[in-house]
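Notes for the one structure printed next.
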Amino acid sequence: MNHQELLTKQVFTLVDILWSHGVDEVVISPGSRSTPIAIAAELHPHIKTYVHPDERSAAFFALGLSKRDHSPVGIICTSGTAAANYTPAIAEAELSHLPLIAITADRPHELRDVGAPQSIDQNNMYGNYVKYYTELPPADAHKSALNLIGTKVMQCSRYFNGNETGPVQINVPVREPLIPDITRTDLFYREKAVRPEYQLTDHALTELTGTGLVLIGETMETLSGIEPVLDKDYLAVIADPRQHIRKTLHNTVTHHDLIFNALDEDQFSYIEENVDYILRIGDPLTSKAVNSFLSATEIPQYLISEHQNLKTFPIAPYQAFVGQVRGTLKNIEFKPGGRRFKHWFSNMDAAVESHIDLNIHQYTDEGRCTYEIFKHTEAGRSFFLSSSMPVRDGERYDTVNTHTIYANRGANGIDGVVSTALGMASKQKVTLIIGDVALYHDMNGLIMSKLEDVDLNIIVFNNNGGGIFSFLPQYDNQDHFERLFGTPLDLDFRHTAALYDFNYHEVNSYADIDSRLVNAAGRNLIEIKTDREQNLKQHQQMKTEIGDMVKSIGY
């Protein structure tokens, strides 16, 4: 067989076996060395391909495709620094347990370490961020060649679902000439493989006795249908904004950050005396105040993790259990405890929500705008909240709790937020709430809205800098704050909207936010210009008001 035939069999087989193991979508970044792999993906009859010219944004776009259903998504790039640009998204995928499959084309061995162009060391280049790494040999005629591909893909498919889900890398050295035989679509003949069942570990949590405080973070598995297990008068349940059960479980506490920020010593002691155990489910909560409480309390804590890589932050639990959340919860025998704590805690949450609803008219800051955005957005539209202030304001000011909320909270970075939201928006209606620095950080990602005709509503709070730093200790050092942390960019995003064919709307007041604006179809960029100093003062004022109210609530 000649080189073209060998190369065609290798890459077409690789792509077909990946599809058989669940890779239905692939994001391709154009390049020369990756030509045969890209063509194989493009020709496959059952794979949907996307083309993104920026590898960094492309990988985050793929992350967004995977995020809703945790489905395996491939990313294909050429050799050299192109592959290095995948690193931030792969790090986020590892921490968020998302199965990205990085298929990185590479120079063959004779072109490595000799000064050949576009050649860097790609062997296990993502280090600790991938669950599995392999390199295929250059295409050859050895009888084991195709069997080896099947073996390697089967090995990496272990990480496409289950309790060790995460990204993998397949490095593919390719010799020239690079063009495969495009007529060989007969090589795409496999059927879907049966995905392995996600099994519980043998060591399971079987019994909990007394009054419980249940904290539910983001989970890979939907918890729909588990509500009757948790809807008990001796179980108080806190749900993170990214945990969708908060929309359907009665009396779920969602204003926990404001509550735990305000608790006095007597209230802390009341919790210690009336709660017998704390059950933590899924990823850690966003709330810093809740995590501080967990670090300080003496109440025994139990963790149900979907993944072998336990996330014990902020403190190691008394015991941890790995497995499916729904199955684990259904197998627990909850023995009743007292009812007083849940009644007190739920009433406190309701009081905070009522205070916000009744007093929000006194405010004009980003919090007020966030409140109006949630209030006027139709329930069928999902939110993607950027790291820093948007996810925190969403947690604080969402009093309707009717929307599905997503965020990149693995590494909590602002890189790739736009691209991740666009990946999700290719499958559902999405509104992205983001700050000016984060939008600037991933403006390249907006090109996919044009190339793939993806609709997205972007609401950008432009306070001319990094607003979250005003809430951190760095703010006290005013001599250096603005240059090092405030970082004003002086950007007008109407030009961004024009460049990427978005409709542009400038909002000067919360009063301009209505249902027509936030639910508009198509691609829309809504710029809300705010003042960082005013935003800080009004946020702190609301926090103080609610803190005083929380402290006044007796038992």
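Rule-based calculations on the coordinates, nothing more; no lab input. Note that the coordinates shown come from a computational prediction; the quantities given were computed from them, not determined experimentally. Cβ: placed from backbone, ideal geometry, glycine included. Neighbour counts: every protein chain shown.
Return S119, S449 ranked ascending by Cβ neighbour count within 10 Å, so the fewest neighbours appear first.
Exposure proxy ranking, most exposed first: S119, S449.
Using alpha carbon centroids, what distance separates the range 231-304 and the range 55-113, in Å?
Here the answer is 36 Å between Cα centres.
By counting other Cβ atoms within 10 Å of each Cβ, how are D186, D393 ranked from fewest to most?
Arranged by neighbour count, lowest to highest, D186, D393 become D186, D393.
Mind pulling up the Rg/Rh value for the range 3-187? Radius of gyration and Kirkwood radius, both on Cα.
On the Cα set of the range 3-187, Rg over Rh gives 0.93.
In percent, what relative contact order does the chain have, based on Cα pairs under 8 Å that are 6 or more apart in sequence?
This gives 14 percent for the chain.
State the dimensionless ratio Rg/Rh of the range 290-411 (Rg: radius of gyration of Cα atoms; Rh: Kirkwood radius).
With Rg and the Kirkwood Rh in hand, the quotient comes to 1.01.
Take the Cα radius of gyration of the range 207-350 and divide it by 2.2 N^0.38 Å, with N its residue count; two decimals is plenty.
With N residues counted in the range 207-350, Rg over 2.2 N^0.38 Å equals 0.95.
Can you tell me the dipole magnitude for the range 3-187 around its Cα centre, using point charges on the Cβ only (Lys, Arg +1; Asp, Glu -1), in Debye to the nearest 20?
Roughly 180 debye, rounded to the nearest 20.
Ranked highest first by the average count of other Cβ atoms within 10 Å around their residues, in what order do 433-445, 217-229 fall?
433-445, 217-229
Provide the three semi-axes, in whole Å and in decreasing order, of the ellipsoid equivalent to the range 173-260 as defined by the square roots of 5 times the Cα gyration tensor eigenvalues.
Ellipsoid semi-axes (Å, largest first): 48, 19, 13.
Expressed as cubic angstrom per residue, what is the convex hull volume of the alpha carbon set of the range 251-296?
In the range 251-296, the Cα hull volume divided by residue count equals 95 Å³.
Regarding the range 1-62, what is the average projected area of its C-alpha convex hull, in nm²?
Average of the hull's projected areas for the range 1-62 equals 4.4 nm².
At q = 0.17 Å⁻¹, what log₁₀ I(q)/I(0) does a Debye calculation on the Cα points of the range 363-548 give, no solvent, two decimals?
Listed by q, the Debye log ratios stand at -1.10.
Could you size up the charge dipole of the chain around its Cα centre, putting +1 on the beta carbon of Lys and Arg and -1 on that of Asp and Glu, and report it in debye to the nearest 20?
Using Cβ point charges on Lys, Arg, Asp and Glu, the chain gives about 1140 debye.
Going by average Cβ neighbours within 10 Å, how do the peptides 336-349, 5-18 rank, with the highest at the top?
Highest-to-lowest ranking by the protection proxy: 5-18, 336-349.
Helix-only estimate, please: 222 nm mean residue ellipticity of the chain, summing -39500 (n - 2.57) across DSSP H runs of length 4 or more and dividing by its residues, to the nearest 500.
My calculation for the chain gives -10500 deg cm²/dmol from helical runs alone.
How much net charge surrounds M125 when only other residues with a Cβ under 11 Å from its Cβ are counted (Lys, Arg +1; Asp, Glu -1)?
Surrounding charge for M125 is -3.
Along each of its three principal axes, how wide is the spread of alpha-carbon positions in the chain, in whole angstrom units, largest first?
Here the Cα extents, ordered largest to smallest, are 83, 57, 43 Å.
Note down the magnitude of the dipole of the range 207-350 about its Cα centre, charges +1 on Lys and Arg C-beta and -1 on Asp and Glu C-beta and zero elsewhere, to the nearest 20 debye.
Using Cβ point charges on Lys, Arg, Asp and Glu, the range 207-350 gives about 420 debye.
Quick check: convex hull over the Cα atoms of the range 330-400, volume per residue in Å³, rounded to an integer?
147 Å³
Please order K247, K48 by the number of other Cβ within 10 Å, starting at the fewest.
Arranged by neighbour count, lowest to highest, K247, K48 become K48, K247.
Would you please put 155-161, 363-369 in order of how densely packed they are, using the mean number of other Cβ atoms within 10 angstrom per residue and starting with the highest?
Final packing ranking: 363-369, 155-161.
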